[in-house]
Amino acid sequence: MIACGILLYQLAFQIAGRNMHGVNNIVLFDCQYQSVLVAYSVKSDMATSSVSFKSREDHRKQLELEEARKAGLAPAEVDEDGKEINPHIPQYMSSAPWYLNAERPSLKHQRKWKSDPNYTKAWYDRGAKIFQADKYRKGACENCGAMTHDKKSCMERPRKLGAKWTSMHIAPDEKIETFELDYDGKRDRWNGFEPSSYAIVMERYEAREEARRKYLKEQQMKKLEEKQGNQNGDGDGNVSDEDEDDDDLKIDEAKVDESKQMDFAKVEKRVRTTGGGSTGTVRNLRIREDTAKYLLNLDVNSAYYDPKTRSMREDPLPDADPNEKFYEGDNQNRVSGQALDFKQLNIHAWEAFEKGQDIHMQAAPSQAELLFRNYKSEREVEYDRAGRIIKGQEVSLPRSKYEEDVYINNHTSVWGSWWKDHQWGYKCCKQLIRNSYCTGSAGIEAAEAAADLMKANIARKEATEEVPEQAEEKRLASWGTDVPQDLVLDQKLLTEALKKEEQRKKEEKDERKRKYNVRWNDEVTVEDMEAYRMKKIHHDDPMRDLLH
């Protein structure tokens, strides 16, 4: 029995052994029922003043009090400094650790209670000097004479002869300071910033604004003087001109007072940055003088305005004059400008995909746009039965790969526009020498006079000479000449010419049958010309594929 009592007594002290000086009493222990009732009280280590055992009723009252405090029906709990404790703070935050021995509810354990005595928010005293020496001292800077740095780290302009040798113009010693900054102090970007240094920027902008106001005021005074002069000079002046001047003055006054309304569109908003974000000023670009969409027509049955998307698709004023309307609904933007081109691009991509083209607007937008441009460049031309164009425009093919209609040396026509005696020339002056200077009509007259003189000389010479007997000329058909109607063809020679022409075409098709030594005959008979014409392929003939 005694051993059981001693055991329970030791157990009770072990329960309260965390803080023995706070144990007030151990009331009762009973070994008869093999149970122990230990009633003790210690100094509270929680946010409440006592954590002694509570009955179920006390615990219920405590919960009701906490609920009333959260609902605002009961006053909030006050800490030892007289400050109210937010009842919505959870218990694991409001409860103090047991080793702090908190007697009253408090939130000091959540604050920084271990303060560093060496921490300071002071910053370097820029430009401060502590001592001004009269002569050079040993160990000082050889350039300026200051003791706080050496010659290598001297920021002064290098002297021709340093202070070490001249002992003149000794620079004062700088103030050297050392701060022990904490984690936040080392990373504070505005630590040491002097707000007064920004006054220079503000003064510059204020001076510019003052000059602008002064200039606008001078312009306003000039207009007033001109208006008074016009009224004194001509009493019956035009009323409309005076009204325009008044409007201009009102506009100028609005410009003068514009600086007072510069901040009307400022919006303070959070701007995300890599450093964690900073509050910046963002200007709202919407002009506040514009009438809102939903105020253009106050009729309930007019165009619907969606406040969430700020859109009004239909025209709020459909019966108004189009020339006076500045807003015709959001649907107007969908059928004009680049929106219409984008819509046509999507439709073309869908139709091309349905026809078997491997094209997708979202997967390959550049490819889809290129195909759409090529499709737009192709012009569809529709003809009627007579060959006239009904729809579209006929595509004009390039006539030459060279540059056309380029006139040089004062010519009005290009080289090759004139042909005479198997030679090309210029039609404007009828010259046969390329890159020659144009002589115009005077050159043509001189050329004709020279030609006439040459013909006269030739005729005079022929008249003096004996006329030889002319040999009988064969009636040959030259290339490119017309065959006379009275020409009789020899059927035998024509048959031979046709065989020769067929043989020549076979040799053109098969180059292996071409002989090494080829003899050319420059004489072209009428039969040869007729055989060539008969064997020639006429590309315009619709039956050419059946004839050959």
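The values are calculated or read from the model by the stated rules, or taken from the named source; none is laboratory data. In this text, all values refer to a predicted model and were calculated from it rather than measured experimentally. Cβ coordinates were reconstructed from backbone atoms using ideal geometry, including for glycine residues, and neighbour counts include every protein chain displayed. The protein model used for the area step is the full one, side chains on, heavy atoms only, and it has no ligands, DNA or RNA in it. Shrake-Rupley method; radii C 1.70, N 1.55, O 1.52, S 1.80 Å.
For region 338-391, with all protein chains present and a 1.4 Å probe, just round the carbon and sulfur fraction of the accessible area to a whole percent. With neighbouring chains kept in place, the figure for region 338-391 is 50 percent. Taking a ≥ b ≥ c as the square roots of the eigenvalues of the Cα gyration tensor, region 293-335 is oblate, since a/c reaches 1.5 or more and a/b is not larger than b/c.
Given a 1.4 Å probe and the protein chains as shown, HIS109 ends up with an accessible area of around 40 Å². Loop-located trypsin sites (Lys or Arg not before Pro) in region 153-196 (DSSP state other than H, G, I, E, B) with a sparse environment of at most 13 neighbouring Cβ atoms within 10 Å: LYS160, ARG187, ARG189. Computed packing ranks the peptides 496-502, 72-78 as 496-502, 72-78, most packed first, by mean other Cβ atoms within 10 Å. Solvent exposure of PHE131, expressed as accessible area, is near 110 Å², computed with a probe of 1.4 Å over the protein chains only. Ranked from largest to smallest solvent-accessible area, with a 1.4 Å probe on the protein heavy atoms, ARG56, ARG434, ARG204 come out as ARG56, ARG434, ARG204. Taken one residue at a time, the phi angles of region 164-178 give Karplus couplings (6.51, -1.76, 1.60, θ = phi - 60°) of 5, 9, 9, 6, 10, 6, 6, 6, x, 7, 7, 7, 9, 10, 9 Hz. Gly and Pro are set to x. When THR464, THR525 are compared by accessible area of protein heavy atoms, the largest-first order is THR464, THR525, using a 1.4 Å probe. In terms of accessible area, using a 1.4 Å probe and ignoring ligands and nucleic acids, MET168, MET93 rank largest first as MET168, MET93. Across region 57-110, Cα-Cα distances exceeding 12 Å account for 68% of all pairs.
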